[in-house]
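A.B. asks: For reference, the structure I am asking about is given below.
What follows is calculated from the coordinates using simple rules that are stated; it is not laboratory data. These numbers come from a predicted model, not from an experiment. Positions of Cβ are generated from backbone atoms using ideal geometry, with glycine treated the same way; all protein chains shown enter the neighbour counts.
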Amino acid sequence: MPKDVSIRLAQMNDTNSIVEIYNEGIRNRNNAILDEIELSAYQNEFKKRNSIEYPIYVAIDDDKVIGWISISAYRANRRAYLKSKEVSFYLDSHHYGKGIGTQLLQYVIDIRTEISFDSLFAILVANNQPSISLLKKFNFSLWGYMPEVLDMDGKKEDAIIYGRNFEKKGS
């Protein structure tokens, strides 16, 4: 049975846990970032971007951050993409398979009018099956396939885009 967690907007005092979880994903090669993130660099970025339009939410269990999800601009300098946003999510590996990712993604979808997006997508390493399964659970579909565009420590990997439109054309 999935464990219920509380979800809230991330705060500066969450950044250490966010970076720890992020770096665990980097070490496990669950994303295309190859170098671990430094806390001070992340905190500077956090100050600039954590907002209602481009938020970072954390999943809390026993007063501990165990996962997070963020919404980012896609090609921010092109206004036609304004309502299309990228989603990223990471979990502490001790909490894989417990429904935490499901709760985080559901939360963001439920408040999409506040975040103001019509389309949401994730860009993934193609072998990231847990993330693909999570996105499919929410009716995301394969929007793009980019063969061998990633150089993962000398090994070529594919990237994929999974997305979902929440507003129908013409409405």
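A.B. asks: On a 31 Å Cα-Cα criterion, which of the cross-link pairs LYS64/LYS156; LYS3/LYS136; LYS47/LYS83 come out too long?
C.D. replies: Too far apart for the 31 Å limit: LYS64/LYS156.
A.B. asks: Quick one: length gained pulling TYR107 to MET146 fully straight, 0.36 nm per residue minus the C-alpha distance?
C.D. replies: 11.1 nm
A.B. asks: Scan around PHE166 for amide H atoms under 5 Å from its own, H built in the peptide plane at 1.01 Å from N, and keep only partners 5 or more places away or cross-chain.
C.D. replies: SER119, LEU120
A.B. asks: Can you give me the relative contact order of the stretch 76-171 as a percent, contacts being Cα pairs under 8 Å and 6 or more apart?
C.D. replies: 28 percent
A.B. asks: Continuing with this model, one more query. List every residue whose amide H lies under 5 Å from the amide H of LEU150, counting only residues 5 or more places away in sequence or on a different chain, with H placed 1.01 Å from N in the peptide plane.
C.D. replies: Under 5 Å from the amide H of LEU150 lie the amide H atoms of GLU157, ALA159, each far enough along the sequence or on another chain.
A.B. asks: Given a Förster radius of 35 Å and the C-beta distance between LYS47 and HIS94 as r, what FRET efficiency does 1/(1 + (r/R0)^6) yield to the nearest 0.05?
C.D. replies: Working from the Cβ atoms, E equals 0.75.
A.B. asks: Now for a different question. Only bridges with both residues in the chain count here: give the DSSP antiparallel percent, nearest 5.
C.D. replies: 90 percent
A.B. asks: Calculated from DSSP H runs of 4 or more alone, at -39500 (n - 2.57) each and per residue, what is the 222 nm mean residue ellipticity of the chain, nearest 500?
C.D. replies: Here the helix-only value at 222 nm equals -8000 deg cm²/dmol.
A.B. asks: Related question: Relative contact order (percent) for the chain, with alpha-carbon contacts under 8 angstrom and 6 or more residues of separation?
C.D. replies: Relative contact order for the chain comes out at 20 percent.
A.B. asks: With the crude spin-label approximation of a point 7 Å out along Cα→Cβ, what separation in nm comes out for LYS137 versus ARG27?
C.D. replies: Taking the simple label geometry, LYS137 and ARG27 are separated by 2.5 nm.
A.B. asks: Among (i) 9, 34, 37, 19, 2, 0; (ii) 10, 39, 33, 9, 4, 3, 1, 0; (iii) 9, 37, 40, 12, 1, only one was calculated for this model; which label is it, if the read-out is P(r) over Cα pairs in 10 Å bins from 0, in percent?
C.D. replies: (iii)
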